[in-house]
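Peer 1: Got a structure here, written out as structure tokens. Questions coming.
Values in this text are rule-based calculations from the coordinates and carry no lab data. Since this is a predicted model, take the numbers as computed values, not measurements. Methodologically, a virtual Cβ is constructed for each residue, glycine included, from the backbone with ideal geometry; neighbour enumeration extends over all protein chains shown.
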Amino acid sequence: MRGLSAVLMGLGVLLGAGVSAAMLLHLSIPGLHWMILVGLAKLTLAGSLGLIAAGAVVRRLAIRAEQRDAHLLISQREISGRPPSEAEDQRF
């Protein structure tokens, strides 16, 4: 899941940087009214922020799942009273 979060955040950054570069270089779609172009730019920037936020949420969920799994493994070891096997240690 961390890979997915990195992809989402990377796409958000690329999209935002692309729109910002297009605005700085005065690139536009010919034939459209300027108000439509401003609206498209705003929607694209909002979409890039949404991608970055979604990536951050996915990363947070992945970290929480890893912490929960580690906590469950530790509590199972304490309950059973046996030393951990090699297969359990290789998971983390």
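Peer 1: Before anything else, pin down the relative contact order of the chain: Cα pairs under 8 Å, at least 6 apart, normalised by residue count, whole percent.
Peer 2: Once divided by the residue count of the chain, the mean separation gives 43 percent.
Peer 1: If you don't mind, another one. Go through (1) 19, 14, 12; (2) 30, 14, 9; (3) 49, 11, 6 and flag the label whose value is the computed semi-axes √(5λ) of the Cα gyration tensor in Å for this structure.
Peer 2: Answer by label: (3).
Peer 1: Given points 7 Å out from each Cα along the Cα-Cβ axis, report the Gln76 to Ile63 separation in nanometres with one decimal.
Peer 2: 2.5
Peer 1: Which of Pro30, Leu11, Ala54 sits closest to the plus end of the dipole of the chain, meaning its Cα is farthest towards the positive end, when Lys and Arg get +1 and Asp and Glu get -1 on the C-beta?
Peer 2: Sorting the options by dipole projection puts first Pro30.
Peer 1: Also: Provide Rg and Dmax in Å for the stretch 1-55, with only Cα atoms included in the calculation.
Peer 2: Spelled out, the Cα radius of gyration and Dmax of the stretch 1-55 are 12.9, 42 Å.
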